[in-house]
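Here the structure comes first, spelled out in C-alpha cells, and everything after it is commentary.
Please treat every number below as a calculation from the coordinates, not as lab data. Just so it is clear, the structure is predicted and the values come from calculations on it, not from any experiment. Here Cβ is always computed from backbone atoms with ideal geometry, including for glycine, and neighbour counts include all displayed protein chains.
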Amino acid sequence: MDLNIDIFVSYRRSDAEYFATLLVDRLASHGYSVFFDHDSLKGGDFRHSIEAAVDSCSDFIVVLSPDAFASRIQSENDIMRAEIARAIKTGKNIVGIATRGWQGFPAELPAELDALRWVQYISCGDIEYREEAFRRLTSDNDYLRSNPRSPGVSPAPCVPSTPAAAKQVRHSNKYWENYADSSKEEIWLRDQEVVLRDFDRDVYESLLSEKSGLAVLDIGCGTGITLMDRLGSRPEVTHILGVDSNPEAIKTARARYQSSPKCQVEFEYLDSEAPDFADKLEAYLRNHDLDGFNFVNITMTLMHLRSPFAVLSRIRRVLADGAQFFVRDIDDGLNIAYPDENNDFQHLNKLVGDLPTTGCRTDGRQLFGAFTHAGYKDIRLRKSGLSTVGMEFDDRRALFEASFGWLRGDLEVRCKSDESNESYREDLLWFDDNIDAMREKFQAPDFFYQEGYVIFTARYCKERPGSLRR
Ligand SMILES: C[S@@+](CC[C@H](N)C(=O)[O-])C[C@H]1O[C@@H](n2cnc3c(N)ncnc32)[C@H](O)[C@@H]1O
C-alpha cells in the first residue's frame, strides 16, 4: 500500500512531541508530505500500519531526544523501536536530528537498531540551533532524498484517519518557549480577561450560588489574572490552587497573589499532562486537610493540551463528589465577520489557524466528547460566541486585541524561525499592510464580529458501589 508519504518522522512522545510538531510544520511548509502521528497507530495491528507508512516514505527522520532510547526501547511493543527497525530493514534514508540534552546512544541497543549508530545526524540544542538545523535539513541536498511537491505552499501534514484541517491535530503546545519575553502574553490575556468578564459572569454566579467552603483547582492559570478576578475574592471560596507548566508565569502569580485576605491561595509549577499530576494534587489536598477539589476552573488551556480527555480522566480521583467544572475555550468555526468584502477577517483567522503556536482551534467542539468519555455528568454548553453587539469602544478594542493583537509577535517568531520561507514573510507583510484598517473597521458601530469562545460546565459524581445502572 503506497500512502504517498515523503518523510516519516519518528519521535518519543514523552519529551519530543512539541519538537516533532515544529519539525513537521516546517517540512510541510516546504511542500513535503509528512507522516508522524502515533495516535493513528494505536490499537489493531500497529506493526502492520507502521510497515505500510514506513515502506511508503523515502526519508525517515528519527528525533534523537533524551528519552528516545530510554528503557522503553527494549520492549518489543515499543512503537518507536518498530518504526526504526522497519526503516533500517527496508533501507530507508535515515536522518537523525538530536534535540537538547541528547547524550548519544546507550551502550545497549536492541540488535535490530544497531545500524542507527552510524546514520548521520544534525544536532540542535536551543532555539537558534534548532532553526539552523531545520534550515540545513530543508536546504542542503545532503540530507533528504525526497523533493518538495510544491515548494512554498503549506499542505496539512499527512495524518491518516483524522480530518484534513491541520489545526484539529492536537499536541502539547508549549508555545511560550518560543517567545523571547513570555511576559508579553499578559498584555492580550488582560484584554481577554476584561472583555470576557460579562460573558463569564452569569455562569459563575449560577455555579457558585449557595455554595460555601470551596477548594478551587485552576489548570493553566498563567499569571493568575483571570483566576483571581473571577474567584479570588468570592466568599464561597476558601482555597485556591493555580497550576501552570510555565515556570515564569507561576513566579509572577506567586509574587502577585500569594497573600489574599479572603482565602488561601497557592500557585504551583505543574504540568497537567505529566503522569504524576494527580499525585501532586493529592499531596496538596493532604497538606491542607481537604477531601477533594470542589471547583475546577480551566480557561483557554485545554486547547493547548495533547489530550484534554487524559487530563480530565486523571484528575477524577482528586475531586470531591459533586465537583463543578467551569471551562472556557475556543472554536474558530464559530468566528463570524460581517461585512468582510475582501475576506480580510477570514484571512486573519486563517493565519491564526496556520500557526504552530496557537493550539487546537477547534477545541470547543471537542470538549463535549472529552467530558463524556471521561465520565462527567450534567455537561452543558452554556455560551458560544462572543459578539460585538452592544459593545462600546473599549470592549471592541479589547476583543480585537484579545483575538488578534498578539498575532504579529507569533508571525514574527515564525519568520525568524525560517528566514528563507517566502510565504511566512508574505504573511507578516500582509498583516502589517492591513491590520490598522481592520482595527478601524472593527470599531464601526455596525460591524459585526463574533469570536468563537465557548463555555462548558460539567459535574463530577462519585460512583456509588452497588448502584444500579441501566
Ligand atoms: C492561553 S493561557 C490561559 C491562561 C489563563 N487560564 C487565562 O485564561 O488567562 C494558557 C495557559 O495554559 C498553560 N499550559 C499549557 N499547557 C499546560 C499544561 N500541560 N499544564 C499546565 N498548564 C499548561 C500555559 O502555560 C498558559 O499559561
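Values for this structure:
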item	result
Among Ile187, Val454, Cys263 the positive-end extreme of the charge dipole of the chain (Cβ point charges)	Cys263
Mean separation of Cα contacts under 8 Å (6+ apart) over length of the range 172-251, as relative contact order %	32 percent
Orientation-averaged projected area, Cα convex hull of the chain (nm²)	25.0 nm²
Filter on Lys251/Lys462; Lys350/Lys416; Lys251/Lys377 - keep pairs with C-alpha separation over 23 Å	Lys251/Lys462; Lys251/Lys377
Helix 422-442 axis, angle to the chain major axis (alpha carbon atoms, nearest 10°)	20 degrees
Those aspartates and glutamates that a straight Cα-Cα span of less than 17 Å connects to Lys441, excepting residues fewer than 8 apart in one chain	Asp340, Glu341, Asp344, Glu392, Asp394, Asp395, Glu401, Asp432, Asp433, Glu451
Dipole axis of the range 289-390 (+1 Lys, Arg; -1 Asp, Glu on Cβ), positive-most option in Gly385, Val327, Phe293	Phe293
Cα long-axis angle, helix 344-354 against the chain (0 to 90 degrees, to the nearest 10)	60 degrees
Reachable aspartates and glutamates, given that their alpha-carbon falls under 13 Å from the alpha-carbon of Lys92 and they are not under 8 places away in the same chain	Asp6, Glu51, Asp55, Asp59, Glu83
17 Å Cα-Cα reach of Lys211 towards aspartates and glutamates, excluding residues that sit fewer than 8 places from it in its own chain	Asp202, Glu236, Asp291, Asp321
For Leu64, residues with placed amide H under 5 Å, excluding near neighbours	Ile97, Ala98, Thr99
Value of relative contact order over the chain, rounded to a whole percent, pairs C-alpha under 8 Å and six or more apart	15 percent
5 angstrom amide H check on Val296, placed H, neighbours 5+ away	Leu217, Gln324, Phe325, Phe326
Percent of Cα-Cα distances greater than 13 Å, calculated over the range 84-140	65 percent
Three-way shape label, the range 359-470, alpha-carbon gyration tensor, a/c 1.5	oblate
Charged-residue dipole, Cβ positions (Lys, Arg, Asp, Glu), the chain about Cα centre, Debye nearest 20	1540 debye
Least to most buried among Tyr376, Tyr11 (fewest other Cβ within 10 Å first)	Tyr376, Tyr11
Residue order, fewest to most surrounding Cβ atoms within 10 angstrom, among His347, His48, His171	His48, His347, His171
